[in-house]
Amino acid sequence: MLELMLPPLVACLVIVAIHSYLGLHVIAREVIFVDLSLAQMAALGSTVAILAGSEPGSTASFAYALGFTTLGAALFALSRTSEHGRVPQEAIIGIVYVVSSALAILVADQAPRGGEAIKDILVGSILWVTWPTIGRLALIYLVIGAFHVILRRRFLTISFAPETALANGWKIRWWDFLFYLSFGVVITFSVPIAGVLLVFSFLVVPAAIAFQFSTNQRTLALLSWLSGLLASAGGLLASFHYDLPTGPLIVVAFGLLLTIAIAVKRVAFRDV
């Protein structure tokens, strides 16, 4: 069993390593559904690629997906304002998600095996991931991680202290575009493996758990990664033991862990 569990577990840990960190930015920016929206843009790109004659998982398919997520990154960067407007950015993100979902359904209806492609994008194929795929994923995430380390002061300030960024005269929309573009690259490569639902859980739930117990950025990153590790391992173990679908079970494990974290916070830290 360990031999079968090891590749998907390592893949989960690689995905969690970058998603749990990006999730801290997402919650701090209060754009919770940006992951789902960008993931759906990537799904739309992949579906268009199939309609154009490309095979799922091919270089052309990835190029289409990345192109559509880049468009989404530009839309989200342009929709951010320094003040709370009449239409909050979260509404724009939701609209992009709904429209891209509708377009994906329309395109899939005309594409060969379009319905199967949409299903694969939703649930992923984490159980059947191979070591070469994991290696490629780790390399890409390492490059994105280095990019965020180099620009961490800009990204962290804009996410956690946007007033400071404005006072310094930074071009926030430009930096937002770079942030969302790097985000989109991560999403483009993680969705075919983990699926939209699991990728959203990797991104948001570990960060939500971490914010229950700390506001320190380093502590948040550590707690996010540890909670992602625990939920992934628990979900995979239960999947093998009870012979249930892996991706959905890991999502449930994340939900259960968040519920436990909230309960612990309420009981053990009610006077803090």
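Here, each number is a calculation from the coordinates, and none is a lab measurement. Just so it is clear, the structure is predicted and the values come from calculations on it, not from any experiment. Cβ sites come from the backbone with ideal geometry, for glycine too, and all protein chains shown count toward neighbours.
Near ALA210, once Lys and Arg are set to +1 and Asp and Glu to -1 for all other residues with Cβ below 12 Å from its Cβ, the sum equals +2. Using the rule -39500 (n - 2.57) for each DSSP H run of four or more residues, divided by the residues of the chain, the 222 nm mean residue ellipticity is -27500 deg cm²/dmol.
Excluding ASP35 itself, what net charge comes from residues whose Cβ is under 14 Å from its Cβ, given Lys and Arg +1 and Asp and Glu -1? Working shown, then result.
Details: positive: ARG29; negative: GLU30, GLU90.
Computed value for this residue: -1.
Take the Cα of GLU30, step 7 Å toward its Cβ, do the same at TRP128, and the gap between the two points is 4.3 nm.
Computed extension gain for ALA60 through HIS241, at 0.36 nm per residue and net of the alpha carbon distance, reaches 61.4 nm. Label-to-label distance, LEU226 versus LYS171, with points set 7 angstrom from Cα along the beta-carbon direction: 4.1 nm. Remark: region 181-193, residue by residue, has Karplus-estimated 3J(HN,Hα) of 5, 4, 4, x, 4, 4, 4, 4, 8, 8, 4, x, 8 Hz, where x stands for each Gly or Pro and the curve is 6.51 cos²θ - 1.76 cosθ + 1.60 at θ = phi - 60°.
When the Kirkwood radius is taken over all Cα pairs of region 30-159, what Stokes-Einstein diffusion coefficient follows at 10 °C and 1.306 mPa s, in µm²/s?
97 µm²/s
In whole Å, how far is the Cα centre of region 159-173 from that of region 1-39? That distance is 26 Å.
Kindly rank 137-145, 221-229 from highest to lowest mean number of other beta carbons found within 10 Å of each residue. Provide the component values of the computation, followed by the final result.
On the way: 137-145: 16.0, 221-229: 20.8.
Going from most to least packed, we get 221-229, 137-145.
Length gained on full extension, THR164 to LEU4, computed as 0.36 nm times the residue gap minus the Cα-Cα distance: 52.7 nm. Highest mean packing comes first when the peptides 238-246, 57-65 are listed by Cβ atoms within 10 Å, giving 57-65, 238-246.
When you count, for each residue, the other Cβ atoms within 10 Å and take the mean per peptide, how do 156-165, 180-189, 27-36 rank with the highest first? Walk me through the intermediate numbers first.
On the way: 156-165: 16.1, 180-189: 24.0, 27-36: 20.2.
Descending packing order for the listed peptides: 180-189, 27-36, 156-165.
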